[in-house]
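Chemist: First the structure, which I've put down as structure tokens, then a few questions once you've had a look.
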Amino acid sequence: MTPPRDTTGDLPVGIGRPATRALAQAGITTLEAVAQHSAKDLLALHGVGPKAIRVLTDSLGERGLGLRTEDA
């Protein structure tokens, strides 16, 4: 029997299960994929709130990445 596939990539656990599920359903499973979206885009996903955005922003910053800006 094969183990369940990890669909959360390197997303931080601190964003919470609803945000993790919402991102995974949108095909966003890594921090690099998160960086291709703006906070506004991510907040539009049901389950992603301000806390998840803060945690994701911090995690991206640790890797020298950031969320896409609205004018990009």
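The values are calculated or read from the model by the stated rules, or taken from the named source; none is laboratory data. Keep in mind it's a predicted model, so treat the numbers as computed, not measured. Cβ sites come from the backbone with ideal geometry, for glycine too, and all protein chains shown count toward neighbours. When the accessible area is computed, the model is the full protein with side chains, heavy atoms only, and any ligands, DNA or RNA have been set aside. Shrake-Rupley method; radii C 1.70, N 1.55, O 1.52, S 1.80 Å.
Chemist: Mind giving me the nanometre distance, one decimal, between the label points for ALA24 and GLU70, set 7 Å out from Cα along Cα→Cβ?
Modeler: 3.2 nm
Chemist: Using every alpha carbon pair in the chain, what percent of pairs falls into each 10 Å bin from 0 up to the bin containing the largest distance?
Modeler: Pair shares across the bins are 21, 57, 17, 4, 0.
Chemist: Given a 1.4 angstrom probe, what's the average accessible area per residue across the chain, in square angstrom?
Modeler: Value returned for the chain: 68 Å² of accessible area per residue.
Chemist: In addition: Quick one: 3J(HN,Hα) in Hz for segment 46-55, Karplus 6.51/-1.76/1.60 with θ = phi - 60°, rounded, Gly and Pro as x.
Modeler: Those phi angles translate into 5, x, 9, x, x, 5, 4, 4, 4, 5 Hz.
Chemist: Separate question: Accessible area of the chain with a 1.4 Å probe: how many percent of it is carbon plus sulfur?
Modeler: Taking all protein chains in place, the chain shows 54 percent carbon and sulfur surface.
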